[in-house]
Amino acid sequence: DADDNGVDGLLLEHYTMDDIDADTLQAYRNEYEVRNPGHVWNRLNAHDFLRSLGGLDTDRNTGREWLTLAGLMMFGKGLSVRNRFDHIRMDYLDMTNLLPGSRWSDRLTYDGMWENNLFNFFYRVLPKLYSDIKRPFRLEGAVRIDDTIVHKAVREALTNMIIHADYMVNGILRVEKRDREFFFSNPGNLKLPIQAIYTGHHAKARNPRLQAMFR
């Protein structure tokens, strides 16, 4: 945390493009192209696109090219992520509508059914959080607008939980959907005093590459 350039540019020796889940990276690229039509990066191959994002870099001492922490955590194959970051877990629990004796009504965790990276975790959890939030009917011109202030707040909270986590310590990216609230928890301490956070305008990113990827 003493590094003002963040920690997610850490080079992971022996982790290469072979550890990237191609479907995840392509899904991200599809989203990126929709939001950034005509961007020069859209014409790049997968390797160069990932490098441009900061997910891949070169060790200047050896000349070897490795994935960064951001690259592996965001787009990596689940097995590769778990092998390198076995101290970090991603967990979602739905604590609503519980049956007697049940601890949760739905759970997303490491069950072999999905590639356990941050992109997939985000896109699997977000619809679950959205599912019971009302969408009042509103038009702008002929287009229906479903993205309410509450939806934006929930999305921002989930994003912040991920991009401000400390992936160098033991912990869980934990999301709980409760009857009257959402609960978000991530590993790591605050990089700024609480008062500075509430005041605002004091940016100090722990994971600037992940932040840019989600932006």
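What the table shows:
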{"read-out": "Accessible area in square angstrom per residue, segment 146-205, 1.4 angstrom probe", "value": "64"}
{"read-out": "Label-to-label distance, nm, for residues given as N30 and H47 (7 Å Cα→Cβ offset)", "value": "2.5"}
{"read-out": "Bridge type composition, the chain - antiparallel percent by DSSP, nearest 5", "value": "70"}
{"read-out": "For segment 6-119, accessible area per residue (1.4 Å probe, heavy atoms of protein chains only), Å²", "value": "53"}
{"read-out": "For G76, residues with placed amide H under 5 Å, excluding near neighbours", "value": "D21, L118"}
{"read-out": "Paired Rg and Dmax values of the chain, which use every Cα atom, in angstrom", "value": "18.5, 59"}
{"read-out": "Computed FRET value (nearest 0.05) for E65 with L98, which takes r as the C-beta separation and R₀ as 45 Å", "value": "0.40"}
{"read-out": "Cα-projected label distance for N160 with T58, points at 7 Å along beta-carbon direction, nm", "value": "3.9"}
{"read-out": "Protection proxy ranking of 44-55, 105-116, 64-75 - average other beta-carbon atoms within 10 Å, highest first", "value": "64-75, 44-55, 105-116"}
{"read-out": "Accessible-area composition of segment 83-186, carbon plus sulfur, in percent [1.4 Å probe]", "value": "51"}
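The values are calculated or read from the model by the stated rules, or taken from the named source; none is laboratory data. Note that the structure is a prediction, hence the values are computed from the model and not measured. No Cβ is skipped: glycine too gets one built from the backbone with ideal geometry, and neighbour counts run over all protein chains shown. Just the protein is used for accessible areas: all its heavy atoms, side chains included, with ligands, DNA and RNA removed. Shrake-Rupley method; radii C 1.70, N 1.55, O 1.52, S 1.80 Å.
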